[in-house]
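Read the figures in this text as sums done on the coordinates, not as results from a lab. The model shown is predicted, which means the values in this text are computed figures rather than measured ones. Virtual Cβ from ideal backbone geometry, glycine too; neighbours counted across all protein chains shown.
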Amino acid sequence: MRLPLIKHLTDFIEKNDQDYVLETLETLEFLTESDNIKDEELDVLGELISNLYGAIEVHDMIQSGKSKKEALNDFMKRVLGSIDK
């Protein structure tokens, strides 16, 4: 996951609508089920999917009252904490 991409996607959600991101996720997840996708392409799709889900989580935290900076920092702390376990 890359914080700058998650921040950029969060900006997109704020300007547009979360539904665009959810529909994109459905499409990308459907693509991963194809037998014609190469391993390298799966890696890229996985990275995109994780960044999109991260942006949705950050957006949800912002909607619940956190500042964007606080939401981004809390999200990354949680991600890094799960990696350390």
Test: T27 is in a helix (DSSP H, G or I), hydroxyl-bearing (S, T, Y) and more than 24 Å from L80 (Cβ to Cβ): yes
Matching residues, region 1-24, being in contact with a Gly (Cβ under 6 Å, 6 or more places away or on another chain) and in a helix (DSSP H, G or I): I6
Report, by residue number, each residue of region 30-53 that is out of contact with any helix residue (DSSP H, G or I) (no Cβ under 8 Å at 6 or more places or on another chain) and either among the β-branched types (V, I, T) or assigned to a helix (DSSP H, G or I) (or both). F30, D39, E40, E41, D43, V44, E47, S50
Test of understanding: among L52, L48, which residue is out of contact with any Gly (no Cβ under 9 Å at 6 or more places or on another chain), farther than 20 Å from K68 by Cβ and of a type in the set (A, V, I, L, M)? L48
Checked region 46-70 for anything surrounded by 15 or more Cβ atoms within 10 Å (Cβ to Cβ), in contact with a Ser or Thr (Cβ under 9 Å, 6 or more places away or on another chain) and without any contact (Cβ under 8 Å) to a residue 40 or more places away in the chain; matches are L48, I49
